[in-house]
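**Q** Take this structure, written in structure tokens, and hold onto it; I'll ask about it next.
The values are calculated or read from the model by the stated rules, or taken from the named source; none is laboratory data. Quick caveat: nothing in here was measured; it's all calculated off a predicted structure. Cβ atoms come from the backbone with ideal geometry, glycine included; neighbour counts cover every protein chain shown. Surface accessibility is based on the protein's heavy atoms, side chains included, excluding ligands, DNA and RNA. Shrake-Rupley method; radii C 1.70, N 1.55, O 1.52, S 1.80 Å.
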Amino acid sequence: MNDHDRDDENQLNEQQLEKLRGNLRAFHDYLQSRAAQNVAQFAYSIDGRTFHYEAPLTLPIPVGSYVQIVTDDDQHYLGQIITKSVVKREGAELGLELDIQRDVFPEGVNMSSVTDRLRVSALEGTGVLLGTVTADSIAPTSNTDTFQTATLDRADAALVSRYLAGPRRNASLPIGQALYVDGDATVRLDAGGFNRHTFLCGQSGSGKTFSLGIVLEQLLLETDLRIIVVDPNSDFIGLDEPRPREEVNHFRPDPLSPEAYDELVGRYREATEGLHVYRPKTVASEDDDVLRVRFGDLSRTEQGTVLELDPLDDREEFNTFWHVLDGLDDREYSWDEVQDAIAHNFTAEARQLGLRIENLGLADWDVWCSPGESSLVDTLDRSDWRCLVLDVGTLGSASEKMVVTNAVLTHLWRERNRRRPTLVVVDEAHNICPQEPADELQAISTDTSVRIAAEGRKFGLYLLLSTQRPGKIHDNILSQCDNLLLMRMNSQSDLDHLSAILSHVPASLLDEATKFGLGETVLGGKFVQNPTFAKFEGRISVEGGSDVPSTWAKRRE
Ligand SMILES: Nc1ncnc2c1ncn2[C@@H]1O[C@H](COP(=O)(O)OP(=O)(O)OP(=O)(O)O)[C@@H](O)[C@H]1O
């Protein structure tokens, strides 16, 4: 064996080198994972209202979830995670002496020791202290509830349930289960919170309509609040029809026994006795009321807008029109009576007016009451109803929808001094109160909605507006909404818009909406104690307005 051969033998071959590298890597990973496991899991509070925390990456505490905090002196707190981020810190330096002869390395490689610095990743963030937990209460904290070292862990379902049940003087509306809790924790809305305006938004398919249905069902079951639903997609025409037990159970975590189902349905039928579904004559069944208004129910401005009359550009016609209306006995005139009066006015302007009506096709609208026929607006004045569902979705034209909606909103505002608590629910609200109205009818409905949003509360008029396009709603209305129900929303600009206008839910919680699944929501405002993450569950009534089934896409046999 010559010197050269001996050198080759002493040197590590590729396989041995790979093994050495592997061992070093394994040792590194072992120390790294030990370091990660040893990340402290602690919290401290310097103001008694909020806390800071650090925890291992593996601790499942999503933003919005509940945590239990126990201090060194055994004070227990319930907290909620508000922000969460990953920090990477430099850990200890790891050094390894290599007991290997220098000449075993291939040429150019020279190693007597290796060193490596561990890098430790951990969670850190902030939260709010929701209360001090004792055996019989969860009391608000004060600014003296400061602590330096406390352990932090996920809160158990029993504690979260206790918190969510809260001390309530008002009726509670169970709407589903809290998210991020191992076990059942029912989320209940405080019915008293509906004396504020409410904003519900989420992108298409997030479960808005289904969830709104649950809120309405619970309001019907548990309160006496009168409800008017402006329903542009015919989604709530089955609100008074309970589903069969199997279907009800399909949407519940705790299936109802036949007896419990009968009891619930019995109560629901009672609660919906005063529910009337108003539908266009073309589709109304015997049980439905006919969705019609009198021309005289509209304000003069609305009437002129329907005829597309401009007081200055069309001054002659406009003036004739006003005189015709003045000649009618009282406000309760029908469209037919107006047309009749125009036909009996033999002036040139009246003839122009008649032609205008004919050309606009106004006489063919389905929404006009015949002479003597009772109008939807008459019902608004009565007190023998509990809920009115207005199926404007089936009306023939967008203008007819707006006419009915305007007639209702204008009347409610005009009669506000009656002070009858009424929740006005408007689905697809961006069509009724847009930031930028597309036409005169929209401008009128926006104007009335802004008034109701600003001053309606003191007269008992509360809005519940639902939309998938929060950026399109008039800012002066959005800013008046004290309750928020946010479902899945992918658009960051919409979320930024919401957080700029609404202050009751921190932006970091709103941002969670991008991760929501079907039916999941964050609730904030007067109807919950603090922002609450939930999944809607427990729909009772039939959903209307379903999409056309995609059976055409089925695989061919
Ligand atoms: N919490 C839920 N549990 C079970 N099914 C749900 C839930 N929420 C919604 N769904 C179902 O998901 C589908 C879509 O829901 P929904 O119509 O309420 O969505 P949406 O946000 O109103 O959509 P769009 O704006 O397009 O009308 C429906 O078939 C509904 O039955």
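**Q** Among what's in region 518-537 and is more than 15 Å from the ligand (Cβ to nearest atom) and open to solvent by 10 Å² or more (accessible area, probe 1.4 Å), pick the residue that is farthest from Gly205 (Cα to Cα).
**A** Per the stated criteria, the residue is Gln529.
**Q** Then there is this: Quick test for you: out of Val450, Val505, Val426, pick the one residue that is among the aliphatic types (A, V, I, L, M) and under 17 Å from Leu212 (Cβ atoms).
**A** Val426
**Q** In region 60-75, which residues are open to solvent by 20 Å² or more (accessible area, probe 1.4 Å) and assigned to a loop (DSSP other than H, G, I, E, B)?
**A** Result: Pro60, Pro62, Asp72, Asp73, Asp74, Gln75.
**Q** Now a separate question. How many residues, within region 272-301, are part of a helix (DSSP H, G or I), open to solvent by 20 Å² or more (accessible area, probe 1.4 Å) and small (Gly, Ala, Ser)?
**A** 0
Residue-wise test of (1) in contact with a helix residue (DSSP H, G or I) (Cβ under 9 Å, 6 or more places away or on another chain); (2) modelled with pLDDT of 95 or more; (3) open to solvent by 40 Å² or more (accessible area, probe 1.4 Å); (4) not aliphatic (A, V, I, L, M).
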{"position": "Phe459", "(1), (2), (3), (4)": "yes, yes, no, yes"}
{"position": "Leu464", "(1), (2), (3), (4)": "yes, yes, no, no"}
{"position": "Pro470", "(1), (2), (3), (4)": "yes, no, no, yes"}
{"position": "Ile477", "(1), (2), (3), (4)": "yes, yes, no, no"}
{"position": "Leu485", "(1), (2), (3), (4)": "yes, yes, no, no"}
{"position": "His497", "(1), (2), (3), (4)": "yes, no, yes, yes"}
{"position": "His504", "(1), (2), (3), (4)": "no, no, yes, yes"}
{"position": "Phe516", "(1), (2), (3), (4)": "no, yes, no, yes"}
{"position": "Arg555", "(1), (2), (3), (4)": "no, no, yes, yes"}
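**Q** For the list (1) open to solvent by 40 Å² or more (accessible area, probe 1.4 Å); (2) more than 46 Å from the chain's Cα centre (by Cα); (3) at pLDDT 85 or above, I need the number of the one condition that Thr320 fails.
**A** It fails just one condition, (1).
**Q** Which residues, taken from region 33-58, are under 30 Å from Gly95 (Cα atoms) and in contact with an Asp or Glu (Cβ under 9 Å, 6 or more places away or on another chain)?
**A** Val39, Ala40, Gln41, Phe42, Glu54, Ala55
To keep it simple, each residue is scored yes or no on (1) in contact with a strand residue (DSSP E or B) (Cβ under 8 Å, 6 or more places away or on another chain); (2) part of a loop (DSSP other than H, G, I, E, B); (3) within 16 Å of the ligand (Cβ to nearest atom).
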| residue | (1), (2), (3) |
| --- | --- |
| Asp224 | no, yes, no |
| Ile237 | yes, yes, yes |
| Val248 | yes, no, yes |
| Asp254 | no, yes, yes |
| Tyr261 | no, no, no |
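**Q** On to the next question. Restricting the search to region 48-58, which residues are open to solvent by 20 Å² or more (accessible area, probe 1.4 Å) and either within 18 Å of Asn530 (Cα to Cα) or part of a loop (DSSP other than H, G, I, E, B) (or both)?
**A** Arg49, Thr50, Leu57, Thr58
**Q** Residues of region 193-222 being under 13 Å from the mean Cα position of the chain (by Cα) and in a helix (DSSP H, G or I), which ones?
**A** Passing the criteria: Lys208, Thr209, Phe210, Ser211, Leu212, Gly213, Ile214, Val215.
**Q** Go through (1) surrounded by 17 or more Cβ atoms within 10 Å (Cβ to Cβ); (2) farther than 26 Å from Asp310 by Cβ one by one and return the number of the condition Ser449 breaks.
**A** (2)
**Q** What is the one condition in (1) surrounded by fewer than 22 Cβ atoms within 10 Å (Cβ to Cβ); (2) hydrophobic (A, V, I, L, M, F, W, C); (3) farther than 17 Å from Asn233 by Cα that Ala398 does not satisfy?
**A** (3)
**Q** Have a look at Ala363, Ala271, Ala350 and point out the one that is under 30 Å from Pro174 (Cβ atoms) and either free of Cβ contacts under 8 Å to residues at least 60 places away in the same chain or out of contact with any Cys (no Cβ under 7 Å at 6 or more places or on another chain) (or both).
**A** After applying the criteria, what remains is Ala271.
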